[in-house]
Amino acid sequence: MSSHHIVREKQEPALLILNLEGFNPENLGQLLEWSPVVIVSERMYETVDSMGIKIDGVVTSKASFALQTGTELILTRDKPLQDALQYLAGQQHHAVNIIDSGFALKEYAFFADRLTLVIYTPSKRIICVKPGFSKWKAAGERIEILSDAHPIQTAGLVKLGEHSYRTEKDGFYTLGFEQSFIFVAEEL
């Protein structure tokens, strides 16, 4: 029996690369494993192209940007992240992995109900979760709640600070809250 799987178009998360500075190349390889649709920012185009990665779209303010054959222009004025996410949602993508140097909650909140978002920074994996979220983690791993969630109920976590927790033991931790979603960060 073959270990190959048939992957339907848009079944796997798209990959949006905004900034690779400080990002572990091994983690990039894992995100590229299933040949996702790859969208890059204008400033990352040459870097990603030089890695031999097929680029499906470039978010740029230049209508005459020179591209690989088959690469689409995604025009933006001053909001490349929002325009890229709008494009992906409009193309019926359901999920996107995003690589950036940092995280600003307000920039992602509008899309949290439309796309499954996972944001990677050089040191964190940030996920948008719904009430009743549960995940298996090893003991002693740090979890940070990046959204205001009052009240929040936790199981399997030890509170370290106002928004900071540590997993109690190997096993599942659970988050309960009233909002429709919150953002949670895990250390890479």
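No lab work stands behind these numbers, since they all come straight from the coordinates. Remember, it's a predicted structure, so these values are computed and weren't measured experimentally. Reconstructed Cβ throughout: ideal geometry from the backbone, glycine too, with neighbour counts over all protein chains shown.
One table, with the values for the structure above:
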{"quantity": "Of residues in segment 49-88 being surrounded by 12 or more Cβ atoms within 10 Å (Cβ to Cβ) and of a type in the set (Ser, Thr, Tyr), the one nearest to residue 38 (Cα to Cα)", "calculated": "71"}
{"quantity": "Residues of segment 151-187 classified as touching a Ser or Thr at 6+ places or on another chain (Cβ under 8 Å), surrounded by 14 or more Cβ atoms within 10 Å (Cβ to Cβ), part of a loop (DSSP other than H, G, I, E, B) and of a type outside the set (A, V, I, L, M, F, W, C), total", "calculated": "1"}
{"quantity": "Every residue from segment 43-100 that is part of a loop (DSSP other than H, G, I, E, B) and among the hydroxyl-bearing types (Ser, Thr, Tyr)", "calculated": "61, 64, 69, 71, 76"}
{"quantity": "Answer residue from segment 111-150, given it is acidic (Asp, Glu) and within 19 Å of residue 167 (Cβ to Cβ) and is surrounded by the most Cβ atoms within 10 Å (Cβ to Cβ) among those", "calculated": "144"}
{"quantity": "Positions within segment 101-125 being in contact with an Asp or Glu (Cβ under 9 Å, 6 or more places away or on another chain) and either hydroxyl-bearing (Ser, Thr, Tyr) or assigned to a loop (DSSP other than H, G, I, E, B) (or both), in sequence order", "calculated": "101, 120, 121, 122, 123"}
{"quantity": "Cβ-Cβ under 8 Å pairs, at least 6 apart or on other chains, segment 19-30 side assigned to a loop (DSSP other than H, G, I, E, B), far side crowded, with 17+ Cβ neighbours inside 10 Å and aliphatic (A, V, I, L, M)", "calculated": "19/44; 19/99; 20/28; 20/44; 20/48; 20/99; 23/99"}
{"quantity": "Residue count for segment 116-132, restricted to those that are in contact with a Leu (Cβ under 6 Å, 6 or more places away or on another chain) and closer than 10 Å to residue 98 by Cα", "calculated": "1"}
